[in-house]
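Here the structure comes first, spelled out in structure tokens, and everything after it is commentary.
The values are calculated or read from the model by the stated rules, or taken from the named source; none is laboratory data. This is a predicted model, so every value here is computed, not measured. Quick reminder, even Gly has a Cβ in these numbers, built from the backbone with ideal geometry, and neighbours come from all protein chains shown.
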Amino acid sequence: MNGLPLLSIITWAPFAGALLIMFTARHNPLRVRCIAAVSTGVSLILSLRVFWAYDREVAGFQFYEEWPLVPPLGITYQLGIDGMSLLLVLLTSLVIVAGVFASWTVKERSQEFYALLLVLVTGVYGVFVSLDLFVLFLFYEIAVLPMYLLIGIWGSSGEIRPQGIFGWAFRRTGVGTKEYAAMKLTLYLLFGSAFILVGILALYVAAGSTSFSFLELELTQFDPALQSWVFLTFYVGFGILAGIWPLHTWSPDGHASAPTAVSMLHAGVLMKLGAYGFVRLGLGLLPEGTHQWVWLVGTIACINIVYGALSAMAQTDLKYVIAYSSVSHMGVVMLGVATLTESGLNGAVFQMFAHGIMTGLFFALVGLVYEKAHSRAIFTMGGFGRMMPGIATAFTVGSLSSLGLPATAGFVAEFLTLLGAWQSRHPWWLFPGVLGAFLTSIYVLRVAKQIFWGPQATDPHFHDLPDAQGPEWAALVILVFVLVLFGVAPGIAIGPVDTATIPLLARLGVLP
Amino acid sequence: MPAGMLPVGTSAMPLHAYLTLAATLFAIGLFGVVTRRNTIGILLGIELMLNAVNINLVAFARFNGDPAGMVFTVFTICITVAEVAVGLALVILIFRIRRTVIADHLDLLRG
Amino acid sequence: MTDSAQFALYSLLLPAGSFLLLAVVAPLRRSGRPAGFISIVFSAAALGWAVRAWLHSSREVFQPPLLWEWIPAEAGPLATVGVLADADSTIMLVLVALVSFLVQVYSLGYLAHEPAQGLGRYYAYQSLFAFSMMGLVLAPNFVQLFIFWELVGLCSYLLIGYWYGKPEAARAAVKAFWTTKAGDVGLLIGIVLLWQRTGTFDFLELLMQVDAGTLPLEGLGLVTFCIYLGAVGKSAQFPLHVWLPDAMEGPTPVSALIHAATMVTAGVYLLKRTDWLFALTPDVLALVGWVGAFTALLAATLACAQSDIKRVLAYSTVSQLGYMMAAIGAGFASAGFLHLLTNGLFKALLFLGAGAVIHAVGSNDIFQMGGLRRAMPQTTIVFLVGALSLAGIPLFGGFFSKDEVLGAVWAGGLTAPFVMLVVTAFLTAFYMFRVVFIAFFGEPASQGHGAHVGAGHSSAAHGGTHLQDPLPTMALPFWLLAIMSVGVGILFTVRHPEHEFAAPGWLTPLVVTVSVGGILLAWLTYHRRVVDAERLAAAFGLVREAALAKFWVDDVFEAMYRGALLAFSRAVGWMDRYLVDGIVNVLSAWTLVLGDRLRRMQSGQPQDYVYGVALGLLLLLVLIQWPR
Amino acid sequence: MTLEPLAFWALSALLVGSALAVVLTKNLFHSVLYLALALTGTAGIFLALEAEFLAAVQLLLYAGGVVTIVVFAIVVTERLVGERITQTSRQIVSGVVVAGGVLIGVLTFIARAPLPATRPPLVADVTQAIGQLLFSRFVLPFELLAVLFLAALLGATYFARPDE
């Protein structure tokens, strides 16, 4: 291991960028963007380096760093990554860099916007690299809170008519506004994090109140009854962030209202934070709880897949379609996890990556379309392919990955997950999984056809729209390239992931 | 009344008596606080309540033989003075702004 | 290192290279014709390597595939990719490379008036298709097969939607994708199920298991049925055949390549590739045969009622695919495969001929044509060759293979399907020559040629005013195909290959008689007009009505899509928004209401707060003194 | 017997009486004067508890300082209003109920509590003990008190500053 604390630099570089932006770039939007691009670029380059240098033979946690914070309570600043977090760190770097480029045109208060965005990213990195549960939780909160401001200030409001037997409640809560979405998202996630905190503290106390370190807790055999309920707290807590049904409703509203880069980061990376936390803490620390509840996790994941896809099909707002597709795809992740098989878990982690990139791409594209056409209503648009071929192509690639077409990352993930599903103790999980992919093909292609194909829309606002420009291209190219690269050569990602899932499964007693 | 006049350790009045007196004063002060309309009147009620507290402190200190309670009384008295000074300054300020000293008219805290 | 696999690999990589080149180098793609030339050069080279691979493979007895790890796993690779070049795959490879090359050349003329940007995109798709189809053909295992299976579907989607500005084209593209995807769902499930019970995706390993008898038979029917579903979608078997006629919205060369000669036959190829697996499940195999024969008959009936030349050809493709499937279902996959190869040649030929006509006339409607044999003699000849091949006349391409198929079905004991196929043979000859007599013989259509009835053709918008044979770029490919069709026909007539089965002696005369009968009826009806077309049609009243309504299969799907799926999805969406989310909002609304109520307690009067404190104090006092 | 019970009873009567006057008098000025009286009476109670120093502090700071400030405040306010401030009371019944309730509650509590009836002998000079404690055990609060005073001084001056 070399001298540089690479993980710390990756984690804190965006934070440093945020400070620089706040203190040195007042009233200078270009400098703001450059600082943001450079600081996230540093993280990206180092993530690539870490990805490259990670020793796949040795496996386990590498690039270890440690720094005692509160020794009496056993709180340590302890960093390290294994094959799973390795991939997710890379994902975060890619999405944030693309996000910075994709929101190059944010005009209003760009200084604060970028600063908050970068703080958020620090939180995300922190969760992925922390091995100390207390520090992990801190980072988790850092990742959740800036969201409120980012959506509340820079978000956009949609139109949702209050109706149904609960119509009065919608009128009361002000559904559709960005403030509503921001509040809903934040409350939901904080609600979840309360569960997580309870779970973490319960484990801490049960293990003798000496250390919050994952590495030490991992060696502890917890009481089965404790495992049972702590697993559920982790499932609910992290599951909310991963969009499990029926606690997913923050996601469509939140993602639809959020500004481009935030939707990208949130759907692309933050939802994975939930799945990651669930795998790391739920499966990693509580093998017996896992075995006890895995049927529930898988079944709800199946509901997620089909239900999310059907809901997406019913939407008329472009951002809502994508947001619901995230709900559906996160179901695939959770399904893969619930299979407790090698291919299923590999598929789940790969799906986290694939979906992160794919959704990042989608939200970037929706953002671009919205910025140029000032509309998200699918069925008023049409024939944009002629005016914005680049965006149309990227959207098609994203759609194809979304529906699991081979040669894109989405296929590998779904294929592995389905293999795992049929191998698991509940083989019927395979069918919702396959059905979800089919339904996805219907709604994405329908949307792509409506917006980009067919005759040009009659609305004169939709004539002479420009294609993507300048930095926006960078965002699209990065994401499309990665999506295809990992679809054609999935081995580069699955190799390291496998080194992380095998010990996990061994601990779960599934593999010898 | 010089202290020497009281023979040491032969008090006829038990601690109960002092505490009862303090409680009475406290209740009267409380009554003043909740009934007065005038802000200055309310302040006077508060003074009475604080005074009752002081009596309690001193009484306990004396009956337990620990002068620490008296030290607290010193603190209380000092803080009270400061509080009265600030409180009255506030009253005057509010009066200037709102042209009233009637507490009913002051509802900045209303939710 | 095996030579043929090496050569096949080169052949596979060349179109991939051309696709990457065109996809990444944007200026080249936007330049149009140069992009086309590059793609054509690459595909010519690919054809060369493919032929070499074929020649080598026929010499070698057994070729181990070239394999690379694709998805790693703890215990060896989970999935591999590679090249399996045996006799079947290399001949198929040659067919793909050949048709692909010819179509690309042909497109240069056919799409000459496209904007440069669109043309570059077209050739990029073409290269991608060639690569995908070759990858599919050479796949050594189910995973790679599925990968390329989906990729050819993608190319089909992209190329049908090539004129994406046309609403019909856009709709047809997604329809094709969804319908085939529905079959692919089955294929994917089948692959997963098969993997679970055998632990491998690899064809050769599976074959070894079958030979060794270690493959568990129980439940295998479900597996093969699922795999067959994939073939149903891709090879347009009933009831998933609905996408293929609509796919004719794509440019005609695309129809020739993808929707006649190569991609649609992937299902047949898949079943041929895994016939040893299907042989273990005779029930499924019988189903394949029945469905195939039924599809053949149904599509032939439909073809008789069409007036769009491309749709006639499309239904004839469906019908021929039914033939192939029937042969496979009868247990003689190689007969079906042979028909696949010959069909690939003459069906591509027919499409290219039809393309030339459409290009010249500017319309797809056969009643807009007429008397074309004078203006377009070359086209007429090649179209006639194609039609005769399709009808199964001796000395022409389709004769022998059709004979084989019918013999196979008879030998397989599927009597009823055999009867259906014979009827189909009659109908095939009839509808093909109906087109021939209406479009090429008889009098020129009265109204102006340029009248755009039916689907307007952007590329052919100029056409119609001067009817003539196409330029060499278009003529050369179809002449080559025509020569090969005839060549293959003569070859097989002269040098009869060995039968795998004993075909009865009356079979060949029967088939020929039936076909000639069909031609005769068409001649009498549409040329001599001895038989009145209307009365002929009226004689089949109900069938005709049904055929015009496409046997309501499309309507059923449409109803399922709109009435069931979309409506259900709307219900789910509504439920999510207003019930699931409603509960959340009710909770938060209650919180708000409660907060509002509690807010009123905050009067803002300091004295009220003192009351509160005093009451709290009282409460505490009562609590601590409460007698326990 | 000693004077102590006698003094206690007298002072109690004085205290309760003046306290009631504070809260019941209509005239604000009078009520301040009654407060002064009550504070002085408290100083007497301190003396009865042998806390001479505190009695002195009480007289000086409280009866002197506080009352002076309040009188000032009244005078200033009245001058601003330009009329005499009379004060009325409201919700007397509920005030009586609450205050009475608290009184009864506290008294019952006191009555039940096991409290010492006699005082221990004084071991040393109380004033000296207070001084020593102030500068040893309680030196930090003492210093903080100084800071508080400063803040209060500044704050009061700031609040009561003349209009610009």
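Things to note:
- Test: residue in the stretch A:32-41 that is without any contact (Cβ under 8 Å) to a residue 24 or more places away in the chain and within 17 Å of A:S103 (Cα to Cα): yes
- Scanning the stretch C:151-182 for residues being touching a Lys or Arg at 6+ places or on another chain (Cβ under 6 Å) and without any contact (Cβ under 8 Å) to a residue 60 or more places away in the chain gives a total of 2.
- Subset tally (residues that are closer than 19 Å to C:Y10 by Cβ and surrounded by fewer than 24 Cβ atoms within 10 Å (Cβ to Cβ)) for the stretch C:67-85: 4
- Subset of the stretch A:161-182 [part of a helix (DSSP H, G or I) and at the interface with chain C (Cβ under 8 Å from one of its Cβ atoms)]: A:G167, A:W168, A:A169, A:F170, A:R172, A:T173
- Among the candidates A:T105, A:T122, A:T76, residue that is over 13 Å from the mean Cα position of the chain (by Cα) and either surrounded by fewer than 21 Cβ atoms within 10 Å (Cβ to Cβ) or free of Cβ contacts under 8 Å to residues at least 24 places away in the same chain (or both): A:T105
- C:I519 meets each of the listed conditions (1) closer than 30 Å to A:Y307 by Cβ; (2) touching a helix residue (DSSP H, G or I) at 6+ places or on another chain (Cβ under 9 Å); (3) of a type in the set (A, V, I, L, M, F, W, C) apart from (1).
- Looking across the stretch A:186-227, the residues that are in contact with an Asp or Glu (Cβ under 7 Å, 6 or more places away or on another chain) and of a type in the set (S, T, Y) come down to A:S193, A:S213.
Condition check ((1) more than 30 Å from A:V349 (Cα to Cα); (2) touching a helix residue (DSSP H, G or I) at 6+ places or on another chain (Cβ under 6 Å); (3) aliphatic (A, V, I, L, M); (4) within 14 Å of chain A (Cβ to nearest Cβ)) across all residues:
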| residue | (1), (2), (3), (4) |
| --- | --- |
| C:A8 | yes, yes, yes, no |
| C:R30 | yes, yes, no, yes |
| C:V41 | yes, no, yes, no |
| C:G48 | yes, no, no, no |
| C:P65 | yes, no, no, no |
| C:A75 | no, no, yes, yes |
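- Scanning the stretch A:161-185 for residues that are among the hydrophobic types (A, V, I, L, M, F, W, C), out of contact with any Asp or Glu (no Cβ under 6 Å at 6 or more places or on another chain) and surrounded by 19 or more Cβ atoms within 10 Å (Cβ to Cβ) yields A:F166, A:A169, A:F170, A:V175, A:A182, A:M183, A:L185.
- Given (1) surrounded by 24 or more Cβ atoms within 10 Å (Cβ to Cβ); (2) free of Cβ contacts under 8 Å to residues at least 40 places away in the same chain, index of the condition A:L416 fails: (2)
- C:L615 fulfils the conditions (1) surrounded by fewer than 18 Cβ atoms within 10 Å (Cβ to Cβ); (2) under 60 Å from the mean Cα position of the chain (by Cα) except for a single criterion, (2).
- Screening the stretch C:535-607 for helices (runs of 4 or more DSSP H) wholly inside it with 1 or more residues that are closer than 22 Å to A:T316 by Cα and within 14 Å of chain A (Cβ to nearest Cβ) returns the ranges C:553-558, C:567-574, C:581-599.
- D:L54 being under 22 Å from the mean Cα position of the chain (by Cα), within 23 Å of B:L25 (Cβ to Cβ), not assigned by TED's automatic domain parsing to the domain that holds D:E4 and not basic (K, R): no
- Within the stretch C:200-287, helices (runs of 4 or more DSSP H) holding 3 or more residues that are surrounded by fewer than 17 Cβ atoms within 10 Å (Cβ to Cβ): C:203-212
- Of the set (1) touching a helix residue (DSSP H, G or I) at 6+ places or on another chain (Cβ under 8 Å); (2) without any contact (Cβ under 8 Å) to a residue 60 or more places away in the chain; (3) more than 10 Å from chain A (Cβ to nearest Cβ), all apply to C:G199 but (1).
- Where helices (runs of 4 or more DSSP H) fall entirely within the stretch A:401-510, those with at least 1 residues that are within 12 Å of another protein chain (Cβ to nearest Cβ) and farther than 30 Å from A:V58 by Cα are at A:409-423, A:430-452, A:471-488.
- In this structure, A:S47 qualifies as closer than 17 Å to A:G123 by Cα and buried (at least 16 other Cβ atoms within 10 Å of the Cβ).
- As for the stretch C:339-360, it holds no residue that is outside any helix (DSSP H, G or I), modelled with pLDDT under 85 and buried (at least 24 other Cβ atoms within 10 Å of the Cβ).
- Of all residue pairs spaced 6 or more apart or on separate chains, those with beta-carbon atoms under 8 Å, a first member in the stretch D:108-134 that is closer than 30 Å to C:L621 by Cβ and more than 7 Å from chain B (Cβ to nearest Cβ) and a second member that is at pLDDT below 80 and not in a loop (DSSP other than H, G, I, E, B) are D:T108/C:Q625; D:F109/C:Q625; D:R112/C:Q625.
- Residue ID - nearest to the other protein chains (Cβ to nearest Cβ), chosen from residues in the stretch B:15-48 that are surrounded by fewer than 23 Cβ atoms within 10 Å (Cβ to Cβ) and at pLDDT 90 or above: B:A23
- Taking the criterion of being crowded, with 19+ Cβ neighbours inside 10 Å and more than 16 Å from D:L15 (Cβ to Cβ), the residues of the stretch B:58-68 that qualify are B:F60, B:A61, B:R62, B:F63, B:P67.
- Residue in the stretch C:151-168 that is farthest from the other protein chains (Cβ to nearest Cβ), counting only those that are buried (at least 24 other Cβ atoms within 10 Å of the Cβ) and touching an Asp or Glu at 6+ places or on another chain (Cβ under 9 Å): C:I160
- Of the residues making up the stretch D:138-155, one or more are touching a Leu at 6+ places or on another chain (Cβ under 6 Å), facing chain B (nearest Cβ under 9 Å) and at pLDDT 85 or above.
- Any chance D:A111 is in a helix (DSSP H, G or I) and either buried (at least 19 other Cβ atoms within 10 Å of the Cβ) or not assigned by TED's automatic domain parsing to the domain that holds D:F149 (or both): yes
- Of the residues making up the stretch C:386-407, those that are within 24 Å of the chain's Cα centre (by Cα) and of a type in the set (G, A, S) are C:G386, C:A387, C:S389, C:A391, C:G392, C:G397, C:G398, C:S401.
- Checked against (1) surrounded by fewer than 22 Cβ atoms within 10 Å (Cβ to Cβ); (2) within 13 Å of chain C (Cβ to nearest Cβ), A:L197 passes all but a single condition, namely (2).
- Look at (1) closer than 25 Å to C:V488 by Cβ; (2) within 25 Å of the chain's Cα centre (by Cα) and you find that C:L22 fails only one, number (1).
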